[in-house]
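The values are calculated or read from the model by the stated rules, or taken from the named source; none is laboratory data. All figures in this text were calculated on a predicted structure; none of them were measured in a lab. For neighbour counting, all protein chains shown are included, and Cβ atoms are generated from backbone atoms with ideal geometry for every residue, glycine included. Ligands, DNA and RNA are excluded from the accessible area calculation, which covers all protein heavy atoms including side chains. Shrake-Rupley method; radii C 1.70, N 1.55, O 1.52, S 1.80 Å.
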Amino acid sequence: SNYTILNNTTVQFSIPVGLEYRIISGKKLTWQIGGTIQPGIIASGRGYALSTDNTHYIEDRTLLSNTVLNSSLQTTISYRTKNGVSIFAGPQLRYQLTDTHKAKYNYSERLYNYGVKLGLSRNF
């Protein structure tokens, strides 16, 4: 059978807004859980639409929505150094709550990513 792999791609910018709860809080080590809601803008991308018989397709940027809503759950362990810098790491699950395509196109997608969150922070 002859087939083609189509990959919708987007470049998104978002601002995460969330809460974090400290499960264990010590002088040097801290364990936290958190979650965010991440409203975003789709800056660019490639969107594909399939024909009803799945034999033809088109690529058109206008198939994509301009906005998207994501969420995340995470847990991190952080270590505070002598100079007040915290180094943190832990697993993160990110889930896209809204479709990338515009509502008038009958596509339903449930996109998720998982990975490791790494970072540095400092209180001033």
**OP:** Mind listing the long-range amide H neighbours of Leu111? Cut-off is under 5 Å, sequence gap 5 or more, other chains count too, H placed in the peptide plane at 1.01 Å from N.
**Re:** Gln96
Subject >> Read-out volume of the Cα convex hull per residue in Å³, derived from the coordinates shown; its label in [x] 159; [y] 108; [z] 136 >> reply: [z]
Original post:
If you take the charge dipole of the stretch 1-67 about its Cα centre, with +1 on Lys and Arg Cβ and -1 on Asp and Glu Cβ, which of Asn66, Gln38, Gln12 is farthest toward its positive end?
Top reply: Gln38
Subject >> Proportion of all alpha-carbon pairs of the stretch 16-57 beyond 13 Å (%) >> reply: 73 percent
Original post:
Pairs of lysine in the chain with Cα under 22 Å and at least 8 positions apart or on different chains: total?
Top reply: 4
Original post:
Can you list the residues, at least 5 places off or on another chain, whose amide H is less than 5 Å from the amide H of Gly45, using H built in the peptide plane?
Top reply: Val11
Subject >> Accessible area in the full protein assembly, largest first, 1.4 Å probe, for Val11, Val116 >> reply: Val116, Val11
Original post:
Under a 5 Å amide H to amide H cut-off, with H placed in plane at 1.01 Å, what residues pair with Ser65 once short-range neighbours are removed?
Top reply: His101, Lys102
Original post:
Under a plain spin-label model, where a point goes 7 Å from the Cα along Cα-to-Cβ, how far apart in nm are Leu97 and Ser121?
Top reply: 2.1 nm
**OP:** Calculate one ³J(HN,Hα) per residue across the stretch 55-71 by plugging θ = phi - 60° into the Karplus curve 6.51 cos²θ - 1.76 cosθ + 1.60, and present them in order as whole Hz with x for glycine and proline.
**Re:** 10, 10, 8, 10, 10, 7, 4, 5, 6, 7, 5, 8, 10, 8, 10, 10, 9
Subject >> Gain upon complete extension [Thr55, Thr67; 0.36 nm per residue less C-alpha separation] >> reply: 1.4 nm
**OP:** Place the peptides 88-96, 76-84 in order of packing, highest mean first, counting for every residue the other Cβ atoms within 10 Å and averaging per peptide.
**Re:** 88-96, 76-84
Original post:
Mean 1/r over all different Cα pairs, inverted: what Kirkwood radius does the stretch 54-118 give, in Å?
Top reply: 14.9 Å
Original post:
Rounded to the nearest 20 Debye, what is the dipole magnitude of the chain about its Cα centre when Lys and Arg each give +1 and Asp and Glu each give -1 at the C-beta?
Top reply: 880 debye
